[in-house]
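Visitor: First the structure, then my questions, so here it is.
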Amino acid sequence: MVLRMCPEWSLGNVFCFPGGRSGTCKLKWMCCGENCYYFSKESKNFEDSKKFCERMDSKLVSIEDQQELNFIRSQISYFSWIGLSRKGTSSPWTWEDNSVPLLKILSDWKESTSGNCGSLTASQMTASDCARLMHSVCEKKITCRST
């Protein structure tokens, strides 16, 4: 069972999970459930944003449910890259791990024939030109340890 207490996010807080495990997010990262999120202040294109996240041992965020989507939207004001992309306009959308996004998450999706990379604002998720400069949202699992 995953404990997801997104309204209880904080910076560098300790979270406890079933089985006596606890974990923390590094300074400047935010916690939500069992994940840590970094909201970049720098604007980069999609590929450079992916590399930026990788340098921090993370990846562009893959949104798994409505609660996670709501949490991320509550933290951003500008267009931000997420880990959703496709190889061309006739290809399917996939997350960085090649999984297919849940249709429920894409209920407010704004399709575009000119964009192959996914971006998010506080109010919409949309296809964007991968060369466009935007902020990014990086994600990684909290490193847990036994208590």
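Visitor: Mind telling me which of the residues S114, S91, S119, S99 ends up being surrounded by 12 or more Cβ atoms within 10 Å (Cβ to Cβ) and among the hydroxyl-bearing types (S, T, Y)?
Guide: None of the other options fit; the residue is S119.
Visitor: Right, something else. Tell me yes or no: at least one residue of region 47-55 is modelled with pLDDT under 90, of a type in the set (D, E) and either crowded, with 22+ Cβ neighbours inside 10 Å or out of contact with any Asp or Glu (no Cβ under 9 Å at 6 or more places or on another chain) (or both).
Guide: No, region 47-55 contains no residue that is modelled with pLDDT under 90, of a type in the set (D, E) and either crowded, with 22+ Cβ neighbours inside 10 Å or out of contact with any Asp or Glu (no Cβ under 9 Å at 6 or more places or on another chain) (or both).
Visitor: What's the total number of residues in region 29-46 that are of a type in the set (K, R) and surrounded by 20 or more Cβ atoms within 10 Å (Cβ to Cβ)?
Guide: Selection size over region 29-46: 0.
Visitor: Quick one: which of S77, S99 is more than 11 Å from the chain's Cα centre (by Cα), within 19 Å of S123 (Cβ to Cβ) and at pLDDT 90 or above?
Guide: Just one listed residue meets the conditions, S77.
The values are calculated or read from the model by the stated rules, or taken from the named source; none is laboratory data. Because the structure is a prediction, the values reported are computed rather than measured. All Cβ positions, glycine included, derive from the backbone under ideal geometry; neighbour counts span all protein chains shown.
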